[in-house]
Amino acid sequence: MNSLKENMPDKHLSSQFDNELNSVSSRLMEMGGLVESQIQQAVYALSLFVENVADGVIENEHKVNTMEIEIDRELSMIIAKRQPTANDLRLLMAISKATANLERAGDEAAKIARMVKSMMTHGGFRALPSSELRLATEMASDLLRKSLDAFARLDTATAVTILKEKKAAKKAAPKKAAPRKKAAKKKAAPKKKAAKKAAPKKKAAKKKAAKKK
């Protein structure tokens, strides 16, 4: 994979800046690889209810969080020392945003792992669409790999293609079950209608009682 330095339109005068930029971009790629593994392991644990795999995902969550903090620290030091402007500054901010997004993806993987453990503890087993989960996971992992590669090469054409593929990945994802609240509202609806119909009868009865008095 080419470094960000090699794909910049203008050569930097400071070789130290180049080294720092390559170092932080390498850390970003490393974090992306770890998050990709977390996602795959979390869905594997969910599909087959494998508790030790779920435990591994939860244990590795702190590694993702630590990497985000370290990368942000490196970025702050680079900005403070080199005071980059224009394209250089935008690139560093883009790395910061990418790091935050990877951290959120890692958090979601950990949430899945905790849900697996909770379901196993409380006996909440149920049939899951394993083939759909596997397909969605493969598509998500592929998009993540392509996104990181496109970012490293500053390949805007590939980035546009990835955005289109993202829509296909959303369609392939298993559909969520209807919330219980909506189902409860539907059940309660007939009762409300019946109550409304009964209201005029109650009013008529009250009027008759008033006339007799």
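Bear in mind these aren't lab numbers, they're just calculated from the coordinates by the rules spelled out. All of these numbers come straight from a predicted model, not from anything done at the bench.
What the table below lists for this structure:
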item	result
³J(HN,Hα) computed for each position of region 156-166 - Karplus, 6.51 cos²θ - 1.76 cosθ + 1.60, integer Hz, glycine/proline x	6, 5, 5, 4, 5, 4, 4, 4, 6, 5, 4
Set of aspartates and glutamates with alpha-carbon distance to Lys111 below 16 Å, sequence-local pairs under 8 removed	Glu36, Glu51, Asp55, Glu59, Glu61, Glu103
